[in-house]
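What follows is one structure encoded as structure tokens, with my remarks underneath.
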Amino acid sequence: MTFINRRAGRVLLIDAAERTLLLHGTDPARADQRWWFTPGGGLAEGETPAQGAARELLEETGLRADPAELGEPVHHETAEFSYDNRQYRQKQDFFLLRVDEWQVDTAGFDPEEQRTILGHRWWSADEIDASTEQIFPIGLADLVRRCAPVQSP
């Protein structure tokens, strides 16, 4: 099997209610496949993971974040997946960003995102654990608990 290798920057966006924003997506080649995932995506030529994560966050949610504000990655992983009849091996860095609240604005979606991102939702770690839906990255609830422990009031 031949993989397309790429890098990605992703954001664990967590609000004051300790919920994580996830996007709901589908595969254009397999419309019956649905999953939830963190904002972010592949890096453009010359981008650092933080720059790519900040750009994708703006495109997918309308939230502008300075790449420096994202700090260092809180998690790294390599994911292998199929999308639109192509196989990917994606090395991805995850950054943590906290907001009091955010109203998602999808006006920045590119045509591919308009076709394949079906919606969004804020999830608690317990809701992620209890869900039977596909949620990526695998083990997201534990990752959130480890990287973004609940803040005291």
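Each of Gln92, Ala130, Ala141 was scored by the projection of its Cα onto the charge dipole of the chain, and the greatest displacement toward the positive side belongs to Gln92; charges sit on the C-beta of Lys, Arg, Asp and Glu.
Summarising the strand pairing of the chain, around 65 percent of its internal DSSP beta bridges are antiparallel. Relative to the longest principal axis of the Cα atoms of the chain, helix 49-61 runs at roughly 90 degrees. Computed extension length for Asp105-Tyr83: 5.5 nm, one decimal, from 0.36 nm per residue of separation with the Cα-Cα distance subtracted. The phi-based Karplus calculation (6.51 cos²θ - 1.76 cosθ + 1.60; θ = phi - 60°) puts the 3J(HN,Hα) values of the stretch 68-81 at 5, 5, 6, x, 8, x, 9, 7, 10, 7, 10, 10, 10, 7 Hz, whole numbers, x for Gly and Pro.
Expressed in units of 2.2 N^0.38 Å, where N is the residue count, the Cα radius of gyration of the stretch 51-100 is 1.32. Summing Cβ point charges (Lys, Arg +1; Asp, Glu -1) relative to the Cα centre of the chain gives a dipole of roughly 380 debye. Taking amide hydrogens as placed 1.01 Å from N in the peptide plane, the amide H of Trp123 sits under 5 Å from those of Thr20, Leu21, Leu22, each at least 5 positions away in sequence or on another chain.
Size descriptor for the chain, Kirkwood hydrodynamic radius: 15.7 Å (Cα pairs only, one decimal). The relative contact order of the stretch 1-112, computed from alpha carbon pairs under 8 Å that lie at least 6 residues apart in sequence, is 35 percent. R0 = 30 Å: FRET efficiency of Gln114 with Ala16, Cβ-based, nearest 0.05? It comes out at approximately 0.55.
All of the numbers you see were taken from the coordinates with simple rules; none came from a lab. Every value quoted in this text rests on a predicted model; they were computed, and no experiment measured them. Here the Cβ is made from the backbone with ideal geometry for all residues, glycine too, and neighbour counts use every protein chain on show.
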